[in-house]
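Asker: The structure's right below; bear with me while I get my questions together.
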Amino acid sequence: MTMRTKILIGAAVLAAAAQPALARSDDCEGNESLRLVNGRFHTMDARDSVVNSVVIQNGKFAAVGPHGMNEGDRCTRSVNLRGRTVVPGIIDNHNHIVLLGLRPGHDTRLENANSIAEALATLTARASQVPAGEWITSIGGFSRNQFFPDPVPTRFPTIEELSSAVPDHPVFIMESFFGPGAANEKGRDFFVTNGVPVGADGSIAAFGPSLTALFLLRQMQTLETQKRGLQDAMTYAAGIGVTTHLDQGGFPAVGDASDGAANFHKYRAYDSLRALLRERKLTNRIWINFLHLEEDPATPELQARLDNAFNEFGDDMVRVLGIGEFTAGPFFLPGGPSWQNGTRLVAAAGWRNENHSLSTSDFRVIIDGWQAVHDELVDADKPEGIANLRWVLAHVPFITPEYTEKLKALGGGLSVLGGWRWLTGSDAQNGPPFRDILASGIPVGMSSDGMQISTMSPWINLYYVVTGRNARGVPINAAQTLNRKDAIRLYTANNGWFLNAEDKLGTIEVGKLADLVVLSADYFSPAAVPDEAIKDLRSVLTIVNGKIVYDDRDGSRRDYWKAGLPQ
Ligand SMILES: [Zn+2]
């Protein structure tokens, strides 16, 4: 036994001896439980049980249903949900919450605004929470399409509209990765002074001008503003019921005005997350995939990552899961030498791997390439190949039944989304084929792919799955819709598999981590919530790890993003 071990054991004995004294001062300490009664808990368990009460203890569900209710236990706090509908905490298996947290200015989600007037009301409400003179921004995750039903032409808010909605703060809003954008008068004055051309109507052209504007705002950021940004992003997520994110990284930043909304510093991007973890200020679970893009066929960065980092490492709040959503190779082009090498390395290291598919052909290249790596391992006397590694193909708007079967045979899964197609989809750019995928029996789960080209709200994503309609109200995926229960199962029970955590997350069952969402209305009832109202659902009470992280039961919480929603 070393001296250090002796000291550690000594400390443990002292700590144990101190326990009774602590217990006497407050015998509920560490023993509190939370009892939620009179709800309609859709547990999403294998039997589709619906119960009316649960007990939460030490961050887990201790009782589900009428048993073990501990009536009258003075260490138990009881909350009457007054008949409200409850679902498991929503798991977003593919998004970019870290990038969202890094937005400069006071980021303002516009995804719930269905008109210019609602977008302006959202910005006004946000500005009322922010000291005058500080930037109000909205970067990515919205589209002009959502402000105007088909066939009314779309447009951004004008400089006059933005200036009268937000007179005392500079404003910059920008679509997608690269713009275009728009500014109010205060914003325009700053940009013009710094060499960014701004149109008479406040418009800022895509690429050069929009990205220079973004670069200028990023120059003003500090670790403190990045921490605030991530806290705002988590608060927004909790308010719409998202409790767990699997972050899929960002493109490696160059550090100049060529970087878009989805670029970040590949190492420093996680500083704010790490700081909030240390300070115990995380209100969502944020699990991480590392995105790798490099052209060198030897993929030295990916090699170093696999050599020096741990997969499946962390706790239930922050955990490194795997590699994704790219495994080396040039952007949008899987199949080349660096992608092949990277894929081999990830397989040999036994890590999870995720790639995205957007086109009518890329999924064939990826799945055939994964099959080749699998076959190489089998030939090398590793008979399981990649079959137990749960490799995931994401988005897959055009996946075919043939390739779904191939991936299923490789032990893989499909991550599907709705918000992206809702924002900008069309008759030609539609899918994914939800119905065909579900019928195939392959593991399938929902994600948002927010928040550059897509929205975060699971209710907007589910609206698209259930109706097949885009933001302009045009049906584009009508032959591939799902019913409401099948759809939300993809966001809850099914997503446990996508985090290697189906024993911990995704359903309301005894022993699982206590994450749940009390909804503003009954999602399961078309009478209470017509199809068009699905996208306006939100949380009135969100619990993560047994703790209340969002509470709007009395309707008094004036979150800026509700300005665009029916109250
Ligand atoms: Zn993505």
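Rundown of residues vs (1) touching a helix residue (DSSP H, G or I) at 6+ places or on another chain (Cβ under 9 Å); (2) within 16 Å of the ligand (Cβ to nearest atom), yes/no style:
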| position | (1), (2) |
| --- | --- |
| Asp362 | no, yes |
| Ile367 | yes, no |
| Asn388 | no, no |
| His395 | yes, yes |
| Leu410 | yes, no |
| Trp422 | yes, yes |
| Asp436 | yes, no |
| Pro443 | yes, no |
| Gly450 | yes, yes |
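Asker: For residues in region 316-342 being open to solvent by 40 Å² or more (accessible area, probe 1.4 Å) and of a type in the set (A, V, I, L, M, F, W, C), which is farthest from the ligand (Cβ to nearest atom)?
Answerer: Leu333
Asker: Considering only region 89-180, give the helices (runs of 4 or more DSSP H) lying wholly within it that have at least 2 residues that are more than 16 Å from the ligand (Cβ to nearest atom) and either modelled with pLDDT under 95 or open to solvent by 10 Å² or more (accessible area, probe 1.4 Å) (or both). Let's see the steps before the verdict.
Answerer: Details: elements: 97-101, 116-127, 159-165.
Once the helices (runs of 4 or more DSSP H) in region 89-180 are filtered for at least 2 residues that are more than 16 Å from the ligand (Cβ to nearest atom) and either modelled with pLDDT under 95 or open to solvent by 10 Å² or more (accessible area, probe 1.4 Å) (or both), what remains is 116-127, 159-165.
Asker: Give, as residue ranges, the helices (runs of 4 or more DSSP H) completely inside region 205-292 that count at least 1 residues that are free of Cβ contacts under 8 Å to residues at least 12 places away in the same chain.
Answerer: Numbers: elements: 208-218, 223-239, 271-278.
Helices (runs of 4 or more DSSP H) meeting the threshold: 223-239, 271-278.
Asker: In this structure, is Glu384 in a helix (DSSP H, G or I), surrounded by fewer than 22 Cβ atoms within 10 Å (Cβ to Cβ) and more than 16 Å from the ligand (Cβ to nearest atom)? Can you show your working first?
Answerer: Working: in a helix (DSSP H, G or I): no; surrounded by fewer than 22 Cβ atoms within 10 Å (Cβ to Cβ): yes; more than 16 Å from the ligand (Cβ to nearest atom): yes.
Taking the combined requirement at face value, the residue does not satisfy it.
Asker: Kindly list, by first and then second residue, each pair from a residue in region 148-169 that is over 23 Å from Ser426 (Cα atoms) to a residue that is assigned to a helix (DSSP H, G or I) and open to solvent by 40 Å² or more (accessible area, probe 1.4 Å), limited to pairs with Cβ atoms under 6 Å and residues at least 6 apart or on different chains.
Answerer: Close Cβ pairs (under 6 Å, with a partner that is assigned to a helix (DSSP H, G or I) and open to solvent by 40 Å² or more (accessible area, probe 1.4 Å)) amount to Ser163/Glu185; Ala165/Thr124.
Asker: Here is a follow-up. With the checklist (1) open to solvent by less than 10 Å² (accessible area, probe 1.4 Å); (2) assigned to a helix (DSSP H, G or I) in hand, flag the one item Leu345 doesn't pass.
Answerer: Result: Leu345 passes all but (1).
Asker: While we're looking at this one, here's another question. Residues that are within 17 Å of the chain's Cα centre (by Cα) and of a type outside the set (S, T, N, Q), at least 1 per element: which helices (runs of 4 or more DSSP H) completely within region 395-512 meet that?
Answerer: Values: elements: 401-409, 419-424, 434-440, 458-467, 484-491, 495-498.
Result: 419-424, 458-467, 484-491, 495-498.
Asker: Only one residue in Leu410, Leu393, Leu377 is open to solvent by less than 50 Å² (accessible area, probe 1.4 Å), in contact with a strand residue (DSSP E or B) (Cβ under 7 Å, 6 or more places away or on another chain), at pLDDT 95 or above and more than 30 Å from Lys60 (Cβ to Cβ), so which one is that?
Answerer: Values: Leu410 fails: in contact with a strand residue (DSSP E or B) (Cβ under 7 Å, 6 or more places away or on another chain); Leu377 fails: in contact with a strand residue (DSSP E or B) (Cβ under 7 Å, 6 or more places away or on another chain).
Sole residue among the options that is open to solvent by less than 50 Å² (accessible area, probe 1.4 Å), in contact with a strand residue (DSSP E or B) (Cβ under 7 Å, 6 or more places away or on another chain), at pLDDT 95 or above and more than 30 Å from Lys60 (Cβ to Cβ): Leu393.
The values are calculated or read from the model by the stated rules, or taken from the named source; none is laboratory data. Source: prediction; values computed, not measured. All Cβ positions, glycine included, derive from the backbone under ideal geometry; neighbour counts span all protein chains shown. With ligands, DNA and RNA removed, areas are computed over all heavy atoms of the protein, side chains included. Shrake-Rupley method; radii C 1.70, N 1.55, O 1.52, S 1.80 Å.
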